[in-house]
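> Mind having a look at this structure? Questions to follow.
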Amino acid sequence: MAVVFAAVAEERDGIATEPPVDVGARAANWTLDGTFVAVASGEIVGSLHVDPSRHGFGEVAMAVTREWRGRAVGSALMVAGIDWARQRGLHKLSLSVWPHNAAAIALYRKYGFVEEGRRVKQYRRANDELWDTVEMGLLL
């Protein structure tokens with residue numbers, strides 16, 4: 001999972017983390033409860049994590065390798081994460097996504113997420129650009 005995370009981070013436009021990623025440290029600190037992986041030919045090609053809060057909602061984070069995007073990996077991960085959240089009695093899922101990530105936004109909308117707002121110039125990138133995030137939520 002940490003290797004997939006590092007590969008997606010290398011792209012610099014899909015997730016907030018940018019390289020370098022300490023894969024060993026990332027793997028050692030990964031929380032497995034609420035984590036789902038997609039595997040193809042014995043390799044992890046994507047993961048989704050739901051981080052439940054004490055307030056009854058879960059924060060979603062997902063990464064899928066470039067080669068496996070558009071091949072239903074994200075859909076399978078979303079279904080697993082939503083089902084897991086419902087089974088645990090969470091009332092809502094939330095996530096942040098870059099406004100330019102049209103494919104991810106379309107995937108989230110497909111599963112019922114709606115835009116709830118925007119955080120303007122929320123993230124300072126390594127090149128000093130300030131990027132917005134679109135905040136999305138799904139009431140369960």
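Quick grid of which residues meet (1) under 23 Å from Asn127 (Cβ atoms); (2) more than 14 Å from the chain's Cα centre (by Cα); (3) modelled with pLDDT under 95:
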residue	(1), (2), (3)
Ala9	yes, no, no
Glu43	no, yes, no
Gly46	no, no, no
Ser53	no, yes, no
Gly56	no, yes, no
Arg69	no, no, no
Ala72	no, yes, no
Ser75	no, no, no
Met78	no, no, no
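> Quick test for you: out of Arg66, Arg71, Arg54, pick the one residue that is over 23 Å from Ala106 (Cα atoms) and charged (D, E, K, R).
Testing whether each residue is over 23 Å from Ala106 (Cα atoms) and charged (D, E, K, R) leaves just Arg54.
> Of the residues Ser53, Ser94, which is among the hydroxyl-bearing types (Ser, Thr, Tyr), more than 16 Å from Ile15 (Cα to Cα) and either buried (at least 16 other Cβ atoms within 10 Å of the Cβ) or without any contact (Cβ under 8 Å) to a residue 24 or more places away in the chain (or both)?
Ser53
> Kindly evaluate Lys92 against the criterion of being of a type outside the set (Val, Ile, Thr) and in contact with a Gly (Cβ under 7 Å, 6 or more places away or on another chain).
Answer is yes for this residue.
> Taking Phe5, is it of a type in the set (Phe, Trp, Tyr), in contact with a Gly (Cβ under 7 Å, 6 or more places away or on another chain) and surrounded by 16 or more Cβ atoms within 10 Å (Cβ to Cβ)? I'd like the intermediate steps shown before the answer.
Working: of a type in the set (Phe, Trp, Tyr): yes; in contact with a Gly (Cβ under 7 Å, 6 or more places away or on another chain): no; surrounded by 16 or more Cβ atoms within 10 Å (Cβ to Cβ): yes.
No.
The values are calculated or read from the model by the stated rules, or taken from the named source; none is laboratory data. As the structure is a prediction and not an experimental result, all values here were calculated from the model. Glycine gets a Cβ as well: all are built from the backbone with ideal geometry, and neighbour counts include every protein chain shown.
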